[in-house]
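Working notes for the structure below.
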Amino acid sequence: MGLFDEIDWTKAGSDIFRNPRADVVINPNNNVNTPDIPKSKNETDNPNSWKIDIEHMSSLRSWQSDILNTLKRNQNTKDTYILSRPGSGKTSPVIIHWLCNILNINDSQIKQKEIITQPEQNPQILWLVPIKALSGNIEYEMQERMTLILLQIIESMYCFDSINKRIKIFRYYFFTQLLDSFKRYDDKLVDELMKCITFNDSTQKDITIDFKYLDYFKNIIGQLIRNYVSKAFIGKIEQGTYTIESEPKSNRKFIKPIIIAIYESASTIIHRMNNLKLIIFDEAQSLQRTDDNKFSRSEQIGNSIYKLLIHNNSKSAQIVMLSGSESKESAQHLVTYFNTVFHRRFDKQGIHVTPKSASNPSMFTVTARSGLSSQNVQLQIINNIISKNGLIQDSTILILLSKKQINEIINKIAPQEKTIISKPHRLQYEKNKRIFSPTDVETIIDPGGIAQISDPILRRAVSNNIGFLYRPEIVSSQSISDMKIVQKLFKSKFIKVLLATDAIQEGINVSCRNIFIPNILDYKGNPITIDSLAQLLNRAGRKENVTATIYTEPKFVDYINKALQADLKDFGENPPILPSDTGKKIGVGVRTVINSTKDLGQFLLDRIK
């Protein structure tokens, strides 16, 4: 679901870009239909105009509000495990909790100013994910939210002077402090911005910007916000990426307040997070998924989480676990393990299971279609969608479960790269409106277009309105950027058909109206597990009043319906992943058997053996 999809822009009091000056009047004798400066010396007649409207907050469903209330109630005393079905929207209340209850961004104007201009003082959040693709999407989502917050703050700082055709900054002290913060990272851009700003008295309390400079002002502010958010607030740590340090000019380095890491990297950063207040384990079922390799990734995860949770910096942080494909019994095993071994603070009934209504809000139909395994049929479907000759048009994902199959289709249907002339992404000021609008967020943090795609095969495919997503052999910053561009172009419907492997079940932020699944069997001939298939199928829909259609071979219809209707209890039980060191394993097993349930003790002893 998009950042703004749940906001009612027309509802009084919920418009996040509402006019902060409720007492302004329109000057009928001026060609520019903008509000005049009120005579009142107060910033506004509305004492709460400076407050941030947190996206989604006014339209949370009842079960999401329950999560938010639980997290607030447990903030300083308890940890929480949230189980909610795939595609339900369990992430939104967690982010609102971080903004409202941990950052306290709406407590006061002074607090708000400190959060924005002194990021080194902010409480820290560590967002842990199982794969790099998901870390890229969390990073993008955080950029959206921080950019939106900064735009709202700037929108609350000015009013229009239609007589003199200018805007006037009335929160001048905050404004100048914000420019100083920007200058710590981009002094040249701030110098450029100053060319269109006029200080009209010696006290610098009368700050104005002429209408003729608003387009230029808007673009420079957009660039400054983009750089400031990435350089001062959001960092990542994973193999090949280490952006956790902020390096302002003329100031000491500090650890950014928002850190996103894959599970294996968590232990390498914890010793530097001295103000950690929230740890999120996203896709927490990954803490209970193992494989048979001796030096497997699961053991790396076990070692990293062990080091993370025994460190003092994690002791006072609230833990929130999120999963959509784990049974309550299995989650309880993990909670008991954390409580016993790491002295965490989960309730005995510490699993917050959302009601059945907490699910993908779309309606599903599963349609049998013979011959989908044939490449010729697949090519015909794709051609019909791209040429709009068939009943099914755009917003379609074809899941082939094989990188080789995807490349073969691309070579046949898109043999040559088309020349696409992309319009430059530039912010433009529209007369008679506020300076910034919701659509500006996407422009400010835009990952790029076709020309910025590094993979030549992908660039060729996208130029023909086809995209693909699969696990690259080497996950790099370029491959993550390519993935973001593909998701953006699919969302904008430039990409009509998206070809994907089962990698789409995690870390991919796309939704669609149609999914084609020719095959649900793995390389051994076994069906995909119910939990994995449920994650994959819930790429469809994700919006109210939308019917999503899943097409598959007749022999797979029943199994797909079973996955769509699966309850959490259908996902089976798994033991927690333990650290690889034998001594630690034995210690964990003994302590857990003594202090925990017999069933979990047996689970852990079996795992040790």
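Things worth noting here:
- Residue within segment 456-470 that is among the charged types (D, E, K, R) and touching a residue at least 60 places away in the same chain (Cβ under 8 Å) present: no
- Checking every residue in segment 242-253 against the condition of being in contact with an Asp or Glu (Cβ under 6 Å, 6 or more places away or on another chain) and part of a helix (DSSP H, G or I) gives zero matches.
- In segment 398-444, the residue that is modelled with the highest pLDDT out of those that are polar (S, T, N, Q) and in a loop (DSSP other than H, G, I, E, B) is 416.
- Among the residues making up segment 174-216, those that are closer than 15 Å to residue 248 by Cα and outside any helix (DSSP H, G or I) are 184, 185, 186.
- Among the residues of segment 67-102, those identified as within 26 Å of residue 342 (Cα to Cα) and of a type in the set (A, V, I, L, M) are 67, 68, 71, 82, 83, 94, 95, 102.
- Cβ-Cβ under 6 Å pairs, at least 6 apart or on other chains, segment 529-541 side in contact (Cβ under 8 Å) with a residue 40 or more places away in the chain and β-branched (Val, Ile, Thr), far side surrounded by fewer than 23 Cβ atoms within 10 Å (Cβ to Cβ) and not in a loop (DSSP other than H, G, I, E, B): 530/570
- Within the span defined as segment 135-147, every residue fails to be of a type in the set (A, V, I, L, M, F, W, C) and in contact with a Pro (Cβ under 9 Å, 6 or more places away or on another chain).
- Apart from one condition, residue 131 fits all of (1) modelled with pLDDT under 95; (2) closer than 26 Å to residue 436 by Cβ; (3) not basic (Lys, Arg); the exception is (2).
- Where strands (runs of 3 or more DSSP E) fall entirely within segment 90-172, those with at least 3 residues that are assigned by TED's automatic domain parsing to the domain that holds residue 273 and crowded, with 19+ Cβ neighbours inside 10 Å are at 124-129.
The values are calculated or read from the model by the stated rules, or taken from the named source; none is laboratory data. The shown structure was predicted, so the numbers you read here are calculated from the model rather than taken from an experiment. Positions of Cβ are generated from backbone atoms using ideal geometry, with glycine treated the same way; all protein chains shown enter the neighbour counts.
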